[in-house]
Amino acid sequence: MALWGISTTSETAANNYAIPKHLLETDRNTTPWNCFADVRGWVQRRYKTTANSGISTRYFDEVLVDVTGLNKTDIGGSTGIGTAGPVAVFFEDPNQASPISVGGGGTTGISTAQTGYVHVVFNELVFAGAGATVRIRTFDANGNNESTAIVGTAASNGQTQYAWAGDAATHGSPNVYTNFNGQVTNRVEFAFTAPSTVLSANVNFLTTATTAAQTVAIGGTVIWLNSVAGVSVGSSLSVSGKLTNVPVVSVGNTFVQIGTASTIGSTIVAGTAATFSTRTNQTILKIDTHRGFIGVVTDGSNGVGVISSFISQFGDVILRNVGGAGTTGSVGIGTTTLTVTA
């Protein structure tokens, strides 16, 4: 059964943790993040609407592999999954597509004060009490100048929920939870509100040098350069030890001109490093993977607390691609990083 994800001594990021190995991340229709273990075995949950990026209250379950008690520690002497643990954490697809949209950066992010969601995926069905939280860090466009953190909070979906859970559950019918204040699922959503204002930063896009045999004396405003690729009026120029983020007022084929108010304190000699940047107004959100989540989330098989860390026992940070929807290195869907723009 190792191929179906119960080889608990070798579960790492490289082999998809304790989730079915036959479900590929690149297959959106049977993404492993919608498959989990309960008392029946491995179950594929198929959502029917696009609400909450496909995590709707309308769905049907398909038992892929019949292994009674798979979510327990021991199955008649064989190894089971044991205590539920997170296998993925990512920002919701703001396009709310089901299957999840494809293409890292396929969405540019969300707007200020907009509601967004973090999804935490478990390899088993869990009971997530309303009020559980994740922490989201905020940075400028360079990934620096960390600002006030944001808290994402799990809420109750307010619906009657069903689950094959606990020792009393059978293959016949699920238990019914009409008043559970939280979410009964393997994929818990945490809602947050994006900042109402964004951070500003100068983002570098070109590093070049002043042209050989050219010098610029005190008060000079024309600076000759080896390259002006991508430079436009309004770009900012910094010259090592001489100028810091001064505005460009005109651009030639081999030179730029800066404002007359930006006098040079000392001569710029040939070959001095010059850097161009663009003033960028946006805030980058990053899921705090070192904090994990806080709150009452219990295992569906025995009611004990689940593993709450996003760091696996093997030292892997659970940064997982989602059905082909981006990568952890891109800003957009399926990632642990998201952009907020005004």
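What number of residues within segment 170-221 are at positive phi and assigned to a loop (DSSP other than H, G, I, E, B)? Of the residues in segment 170-221, 2 are at positive phi and assigned to a loop (DSSP other than H, G, I, E, B). Taking first residues from segment 106-129 that are outside the structural domain of Asn175 (by TED's automatic domain parsing) and at pLDDT 90 or above and partners that are of a type in the set (A, V, I, L, M, F, W, C) and buried (at least 24 other Cβ atoms within 10 Å of the Cβ), no Cβ contact under 7 Å between residues at least 6 apart in sequence or on separate chains turns up.
When we screen Thr210, Thr275, Thr197 for residues that are at pLDDT 90 or above and within 30 Å of Ala154 (Cβ to Cβ), the only hit is Thr197.
Just the residues that are at pLDDT 80 or above and part of a loop (DSSP other than H, G, I, E, B), please, taken from segment 56-66.
none
One line per residue, one yes/no per condition, for (1) surrounded by 12 or more Cβ atoms within 10 Å (Cβ to Cβ); (2) farther than 30 Å from Gly41 by Cβ; (3) not aliphatic (A, V, I, L, M):
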residue: Phe180; (1), (2), (3): yes, no, yes
residue: Gln183; (1), (2), (3): yes, no, yes
residue: Asn186; (1), (2), (3): yes, no, yes
residue: Ala191; (1), (2), (3): yes, yes, no
residue: Thr197; (1), (2), (3): yes, yes, yes
residue: Phe205; (1), (2), (3): yes, yes, yes
residue: Ala213; (1), (2), (3): no, yes, no
residue: Ile218; (1), (2), (3): no, yes, no
residue: Ile223; (1), (2), (3): yes, yes, no
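Filter segment 226-260 for residues that are assigned to a loop (DSSP other than H, G, I, E, B), hydroxyl-bearing (Ser, Thr, Tyr) and in contact (Cβ under 8 Å) with a residue 40 or more places away in the chain and give the result.
Kept after step one, since they are assigned to a loop (DSSP other than H, G, I, E, B), are these residues of segment 226-260: 226-235, 240-242, 252-254, 259-260.
In the following step, the residues that additionally are hydroxyl-bearing (Ser, Thr, Tyr) were identified as 227, 232, 235, 240, 254, 260.
Of everything in segment 226-260, those that are assigned to a loop (DSSP other than H, G, I, E, B), hydroxyl-bearing (Ser, Thr, Tyr) and in contact (Cβ under 8 Å) with a residue 40 or more places away in the chain turn out to be Ser235, Thr254.
The values are calculated or read from the model by the stated rules, or taken from the named source; none is laboratory data. Source: prediction; values computed, not measured. Methodologically, a virtual Cβ is constructed for each residue, glycine included, from the backbone with ideal geometry; neighbour enumeration extends over all protein chains shown.
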